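This report refers to the structure that appears directly beneath it.
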Amino acid sequence: MRFHSLPESKRYADTAAEYEILLNRYNTVLTELFAGQPVYVVTMSFVPDEGIEVWSSTDPHALNPGSRPWMRLREDEDSDPGGTLHLHVSEQRWKPRILDPLLRAVADDECAGVIIMDTDLRRLYLPYDGGADVILAGPQDRDALKNAHADWLSTHPLGL
């Protein structure tokens, strides 16, 4: 399911009050999913080949305390030069506000590809600029979370 981070599906925060709303929404759902439990936090950066422009100067791994390199993936298209995706992972015990700098960077579109998940890989939280996608193991958990935050859901017919 997809939750929007600001009222009326506004994508980016403009004021301190809006940043507080979006960080509260991120942290509320994350706490409902993971309160006091260990979680994996995955961050991704893109190292381009020569001639490719970097879209952000933010280092997401620096915003992921204790992260270590996990894997590298090569990204190429037939007609364009590519680069390498660097994935780092940390394990942390979830508590509210622990990832606010990272979540704010995601909300500002300074980094992408963040995944927060339980260590059994049954609940995944994928924040993006504008909201978060949540993947749960079963429909009962999904429906309970949807009902708890129905006013944060997209009004788009496909839930996007």
- Task: Could you provide, to the nearest whole Å², the per residue accessible area of the chain with probe 1.4 Å?
- Result: 57
- Query: Roughly how tilted is helix 16-34, in degrees to the nearest 10 and between 0 and 90, from the longest Cα axis of the chain?
  - Reply: 80
- Item | 12 Å beta-carbon shell around C111, net charge (K/R +1, D/E -1) | -4
- Ignoring any ligand, DNA or RNA, what whole percent of the accessible area of the chain comes from carbon and sulfur when the probe is 1.4 angstrom? 51
- Measure nothing fancy, just the Cα-based angle from helix 139-148's long axis to the longest principal axis of the chain, in degrees from 0 to 90, nearest 10. 70
- Query: Mind ordering 18-29, 101-112, 82-93 by average Cβ neighbours within 10 Å, highest first?
  - Reply: 101-112, 18-29, 82-93
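The values are calculated or read from the model by the stated rules, or taken from the named source; none is laboratory data. Computed from a predicted structure; not experimentally measured. Neighbour counts run over all protein chains shown; Cβ positions are idealised from the backbone, glycine included. Accessible surface is based on the protein model in full, side chains and every heavy atom, while ligands, DNA and RNA are left aside. Shrake-Rupley method; radii C 1.70, N 1.55, O 1.52, S 1.80 Å.
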